[in-house]
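These notes concern the structure reproduced below.
Only the coordinates and a few stated rules stand behind these numbers; no lab work does. Since the model is a prediction, treat every value here as computed from it, not as a measurement. Quick reminder, even Gly has a Cβ in these numbers, built from the backbone with ideal geometry, and neighbours come from all protein chains shown.
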Amino acid sequence: MTPFRILIVFGTRPEAMKMAPLVKALRLREEWTSYICVTSQHQVMLNQVMNAFSLKADFDLDVMEEEQSLTSLTMRLLQRLEPVMQEVKPDLVLVHGDTTTSFVASIVASYFQIPVGHVEAGLRTTDLRSPFPEEMNRRLTGVIAQLHFAPTQRAAANLYREGKSRNQVYITGNTIIDAFATTVRKEYSHPLLQNIKDKQLVLVTAHRRESWGEAMRKMFESLRRLIDEVSSAVILFPVHLNPQVKLLAEKVLGGHERIHLIPPLCPLHFHNLLQHAHLVCTDSGGIQEEAPSFKVPVLVMRERTERPEAVEAGVAKLVGTDGECLYTEAKQLLIDRKSHENMITDHNPFGDGEAAQRICDAIAYHFGFSDVRPPCFVSSLCK
Ligand code: UD1
Ligand code: UDP
């Protein structure tokens, strides 16, 4: 009998970070064989993650081009994924989240009538333009997928509202919390920490497509103003490799002695430096989920978040994209200890480090390898 085959497809940094713990968990099981197909929608930033988690791809579609358009990226993905599906003939394709890689891999799998399992399913802002195109990508992937691994109860509720049945949805927690077992070190040092010494570290990341141009310029100007006014603070900004972000960051934030613009960090360094941060200002999805574990308040530089759990738990604030609220809230967190303490909790609403195990158990249950439905992840911080 041919073994049950699982094809795991991912292509960007965040997908790789969150699929890595799942790949490791899948490979410890005997019920199936798994294959990794990286699309390389990202290159350098993907390789940093592959190396950090010692992952090796079975297929590499090498699709990234400089300043790729969504259409051209979609076309290359469609063309290059087909032969992989034909060769592997998977019984299940696993995709993650909301990228163009995830959405296109779902469509191609569905053309071959292969079931799709969606990891980090059910996140919604309800606004198709924010984040763009991620809200669209995850909704379309949700329509195609048969199996939905929702990180939280709220994400599952979104899926039920859209008509998914309970036997398709498993509440697992987010696999990013599992990733800390590989990346986080008790003893950690970095030359940057020596430079920063007793200053307050403000970690910054930004890349969202809907903020390119004017909104991003305003955010960066506010951050520069903040650093000019608060002499105890230092910005560390590992800049996304997208030229839309890089050029603007250098123009607005470059040449300041307390603003460090550096290339993207490997996940090991990113997570360990995050532990030392006083505050994170970001438009990232994943960093909103990570920071609560390190007791670091998050200012979310976006108009909307699909991760309201962090805001409700009081560990994140949505500061929009005009820069004003970002400046006010960040300054408050730097100068007022009480405000900072109020944004710290002992629990992470997004996971407990067991998500990959739950997803494996759910797959085993769903495909008849086990009779036991895995228990749901429940967070004490979520309603
Ligand atoms: C993509 C995802 C987004 C995710 C983000 C994580 C889509 C549409 N967007 O956005 O959901 O939040 O990744 O970072 O799927 N580049 C490099 N080297 C790299 C990576 C990127 O040079 O290692 C540059 C290239 O010029 C590339 C550009 O960045 O064309 C944009 O990459 P792309 O994946 O299209 O979009 P992101 O904004 O990174
Ligand atoms: N990250 C990293 N190095 C960096 C910046 C971020 O490893 O220099 C990691 C971070 O820990 C998180 C992920 O990248 O897990 C988030 O990626 P990004 O913000 O690009 O994407 P999003 O989560 O918004 O889709």
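Comparing mean-square fluctuations of Ala356, Ala179, Ala313 from a GNM of the chain with C-alpha springs under 10 Å, the top value falls on Ala313. Shown in residue order for the stretch 360-377 are the 3J(HN,Hα) couplings computed by the Karplus curve 6.51 cos²θ - 1.76 cosθ + 1.60 at θ = phi - 60°: 4, 5, 5, 5, 4, 5, 4, 9, x, 7, 8, 9, 9, 6, x, x, 6, 6 Hz (x for Gly and Pro).
For the stretch 143-186, the relative contact order is 44 percent, taking Cα pairs closer than 8 Å that sit 6 or more residues apart in sequence and dividing their mean separation by the residue count.
For the stretch 208-220, backbone phi angles converted through the Karplus equation (6.51, -1.76, 1.60; θ = phi - 60°) give residue-by-residue couplings of 4, 4, 6, 9, 3, x, 4, 4, 5, 4, 5, 4, 5 Hz, Gly and Pro being listed as x. Secondary-structure-derived ellipticity at 222 nm for the chain, considering helices only, amounts to -12500 deg cm²/dmol, per-run term -39500 (n - 2.57) for DSSP H runs with n ≥ 4. One decimal place: the segment Tyr365-Ser231 gains 42.7 nm when fully extended, by the rule 0.36 nm per residue minus the C-alpha distance. Once the Cα-Cα distance is subtracted from the 0.36 nm per residue extended length, the Glu312 to Met75 segment shows a gain of 81.4 nm.
With the cut-off at 1.5 for a/c, could you classify the stretch 1-148 from its C-alpha gyration tensor as rounded, prolate or oblate?
Cα axes put the stretch 1-148 in the rounded bin.
Extension gain, Asp198 to Ala181, is 3.4 nm, computed as 0.36 nm per intervening residue step minus the present C-alpha separation.
Between the amide H of Ala233 and those of Gln200, distances stay under 5 Å, these residues lying 5 or more places away or on another chain, with hydrogens modeled in the peptide plane. Here the 3J(HN,Hα) profile of the stretch 322-336, calculated from phi with Karplus coefficients 6.51, -1.76 and 1.60 at θ = phi - 60°, is 8, x, 5, 5, 4, 4, 5, 5, 5, 4, 4, 5, 7, 9, 10 Hz, Gly and Pro shown as x. A dipole drawn for the stretch 105-190 from +1 and -1 charges on Cβ atoms has a positive end, and of Ala145, Ala179, Val108 the residue lying farthest that way is Ala145.
Taking Cα centre as origin and charging only the Cβ of basic (Lys, Arg, +1) and acidic (Asp, Glu, -1) residues, the dipole magnitude of the chain rounds to 300 debye. Remark: relative contact order (the chain) = 16 percent; criterion is Cα-Cα distance under 8 angstrom and separation of 6 or more residues.
Cα-based radius of gyration for the chain, normalised by 2.2 N^0.38 Å, reads 0.96.
In loop segments of the stretch 144-238 as defined by DSSP, the GluC sites (Glu not before Pro) with at most 16 further C-beta atoms inside 10 Å of their C-beta are Glu162, Glu187.
Between Leu268, Gly368, Leu326, the Cα set farthest toward the positive side of the dipole of the stretch 250-383 (charges on each charged residue's Cβ, about the Cα centre) is that of Leu326.
Against the empirical curve 2.2 N^0.38 Å, the C-alpha radius of gyration of the stretch 10-92 lands at a ratio of 1.12.
Projecting the Cα atoms of Ser54, Ala25, Leu70 onto the dipole axis of the stretch 12-92, where Lys and Arg carry +1 and Asp and Glu carry -1 at the beta carbon, places Ala25 farthest toward the positive end.
Of Lys18/Lys295; Lys18/Lys186; Lys197/Lys295; Lys317/Lys338; Lys24/Lys317; Lys218/Lys246, which ones are farther than 25 Å apart at the Cα?
Numbers: Lys18/Lys295 20 Å; Lys18/Lys186 21 Å; Lys197/Lys295 19 Å; Lys317/Lys338 16 Å; Lys24/Lys317 33 Å; Lys218/Lys246 15 Å.
Cα-Cα > 25 Å for Lys24/Lys317; rest within.
Here the dipole of the stretch 116-252 is about 180 debye; that uses its Cα centre as origin and unit charges on the Cβ of Lys and Arg (positive) and Asp and Glu (negative).
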